[in-house]
Each structure stands twice: as structure tokens, then as C-alpha cells.
Amino acid sequence: MRLVISCMDYRLTEFLMRISREDDLIFRNAGADAYGIQGSLSALTGVSEILYLPHNDCAAHKLAFKLLKGQETASESIRRRLTAHLQGLRLTSEEELMRVNVERNVRLLKDLFPKASMEVKTVDVYKLNWPIRKPIVYYAKSTTRYSEDMIGAYLLQSTTKDDVSIDLEIALQKLGIREFREIENNEDQPLRKAAKRD
Ligand SMILES: [Zn+2]
């Protein structure tokens, strides 16, 4: 089974539709943060491949940088989630913050899945076609695949909803998202069966 870990950003959905395989488990949260979904990840077995996909121009990284510089405020849970691991580091740019984040995420993923092969690719959003941004955030299970109406919305994906609750807060409080929708998984979906086999 392959894990695909990326950000909830609205611009990434079409890209993920293109590259995902049928039995992938997809995880998406604020900033492609494996720490945020650690609970869900550590419960998984049979993971042979990981595709880690952070991206540039990330709202979560921008917010983290502003919080560190005192240029923005947020609730304690959001602040902790985005900046706790960055305290004491002298970060001079968002790019540097992203680099540090990628390093620590790769470290965690290697610790959690020492036998899995890992590919890390920073998605350049400037090379993607940007859909019209919808002020909606969806939560879907990791086995859910996307429908056309999800394109342009933010998308949280995990195996347990609790793991993305702070990410939902980030979307609603800091990204101007006004609506939350939950996608019901279709029990007949072949993906679900494929994931269970491992
Ligand atoms: Zn992002």
C-alpha cells in the first residue's frame, strides 16, 4: 500500500487526482504535516511506499512564519500546531521554514515506516492550473477519491477525523473558509476493500 501525504490546499486536488493510484491512502492537512496525523499513521500496517508532497506558496507555512514573527495571532491550539517545533530556530524566510518542515516530516515518516520506500517531491503550484477557489473545506476518508465538485475546495483527508480537527480550525479561522462538509464514504468503493487487504 502507498501513502500519499500532502496539503489541504485547493490547488492540489486535480494534481492528486492525476497521480494517485487506486489503492493509495491519501492524507491531507494544513502544510502536509505528518505530525498532525501521527495517530492515524501509526495505526497503519502494510505500508510499502510513501509519496510525500509538500508544496510552495503554502498558506500554512506563511501563517506559521507570521506567527513566529509576531505579525499574526491565532488560537493557542493553532499556534502550537504550526510553530511549537520551530521555536528557537532563526528562520529568515518562508522557504527556510518549509525546508525545516520537510526535513522533520521525512524524519518522522522514516521512523514510522522504516521499511517503506520514500519519494519526496515539492509540488510547484505555479506550474499547476489553479481552479476557482471555493470557500469550502471537505473532510474525507483516506480511501475517498475526488469528484468534480470537490475541485477548488480545501480538502482534509485522514483515516480518523480527530487528527485533522486543528487543521479544520485553521481553515475556518485563518483561511477565510466559511463552510465545512463531510464526505460519506461509499461502502461499495473498491478502494476500501483494497486497503483492507493489507
Ligand atoms: Zn499548503
Subject >> Gain in span if fully extended, R104 to E148, counting 0.36 nm per residue against the direct Cα distance >> reply: 12.5 nm
Original post:
Separation between the L128 and S93 pseudo-spin-labels, each 7 Å from Cα along Cα→Cβ, expressed in nm?
Top reply: 2.2 nm
Original post:
Under a point spin-label approximation (7 Å from Cα along Cα-to-Cβ), what is the L112-R178 distance to one decimal in nm?
Top reply: 3.4 nm
Subject >> Computed [θ] at 222 nm, helices only, for the chain once each DSSP H run of length n ≥ 4 contributes -39500 (n - 2.57) >> reply: -10000 deg cm²/dmol
Subject >> Student exercise, region 2-197 dipole from Lys, Arg, Asp, Glu Cβ charges, in Debye to nearest 20 >> reply: 300 debye
Subject >> Estimated inter-spin distance, R18 and N56, nm [label 7 Å along Cα→Cβ] >> reply: 1.6 nm
**OP:** Determine, from the Cβ-Cβ distance of S48 and A84 and an R0 of 25 Å, the FRET efficiency 1/(1 + (r/R0)^6), rounded to the nearest 0.05.
**Re:** 0.20
Original post:
Once the other residues with Cβ under 10 Å from the Cβ of P135 are scored (Lys, Arg +1; Asp, Glu -1), what is the net sum?
Top reply: +2
Original post:
Can you give the Kirkwood hydrodynamic radius for the chain, in Å, rounded to one decimal and based on Cα pairs?
Top reply: 17.0 Å
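Throughout, read-outs are computed from the coordinates displayed, never taken from laboratory work. Predicted, not measured: the structure shown is a model, and the values here were computed from it. Ideal geometry is used to build each Cβ from the backbone, glycine not excepted, and the neighbour counts take in all protein chains shown.
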